[in-house]
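Q: Sharing a structure, written as structure tokens. Questions coming.
Since every read-out is calculated from the coordinates, none of them should be taken as a lab result. The structure presented is a predicted model; accordingly, all values stated were derived computationally and were not measured. Using ideal geometry, Cβ is built from the backbone for each residue, glycine included, and neighbour counts are taken over all protein chains shown.
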Amino acid sequence: MTPVPGVSLGFRRQSSSPEPAACPCGGGAYGSCCGPSIAGQQLAVTAEQLMRSRYSAFALWARDPEAIEYLLRTHPETGQTAAARRKALKESCRNLQWLSLKVLDCQNGSPLDQYGTLTFEARWRDRDRREGVLRECSRFGRGESGEWIYLEALSLGDGPADRKPPQSPATTPP
């Protein structure tokens, strides 16, 4: 997958502009793919939809003011205040540009499941133009109201080719 032309991907806050035509997750048009979930207009139906929309929120944070709030909403944590988490997310997003997403495997996570796991690769570039790939197996579950939420990253066993992006543990996408 290659970066989507015309989609702002991190590094600096940009003025509000029209939504991108293509969704950063690679799933089609942003307005009918991840956009409605990030805007709070619809819930993800599957764990994969949630993972893709969280990736898109990380990629579009500078363009979409709802993106950071969406990331907070879909990964509830009790260890930090919302303000501290918001600050950490913004700092992480400022330092990384998300380039592409590739879903490698999906176990469960259907509309009828309570849990699901997805393994993916997300390519990134940092401020120093270093590039790497985040390889992760993410676990998703149902929140108190039945909505899909991101629970945690499961260990994959890092190999020498895995370069993880510099960030705090609270800001791991998706």
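Q: Report the FRET efficiency, 1/(1 + (r/R0)^6), for ALA84 and LEU112, where r is their Cβ-Cβ distance and R0 is 25 Å, rounded to 0.05.
A: Numbers: r = 36 Å, r/R0 = 1.42.
Calculated transfer efficiency: 0.10.
Q: In whole Hz and in residue order, list the ³J(HN,Hα) couplings for segment 62-79 that follow from phi through the Karplus curve 6.51 cos²θ - 1.76 cosθ + 1.60, θ = phi - 60°; x for Gly and Pro.
A: Ordered by residue, 3J(HN,Hα) equals 6, 9, 10, x, 7, 4, 5, 4, 5, 4, 5, 5, 9, 9, x, 9, 9, x Hz.
Q: Sticking with this structure for a sec: If you average the sequence gap of Cα pairs under 8 Å that are 6 or more apart and divide by the length of segment 30-171, what percent do you get for the contact order? Working shown, then result.
A: Numbers: 241 pairs, mean separation 31.3, N = 142.
That works out to 22 percent.
Q: While we're here: On a full-extension model of 0.36 nm per residue, what is the gain between GLU77 and LEU156, subtracting their alpha-carbon distance, rounded to one decimal in nm?
A: On the way: separation 79, 0.36 × 79 = 28.44 nm, distance 2.23 nm.
Answer, rounded to one decimal: 26.2 nm.
Q: For segment 146-156, what does the Karplus curve 6.51 cos²θ - 1.76 cosθ + 1.60, with θ = phi - 60°, yield as ³J(HN,Hα) per residue in whole Hz, taken in order and with x for Gly and Pro?
A: Rounded to whole hertz, the list is x, 6, 6, 9, 7, 9, 5, 8, 9, 5, 10.
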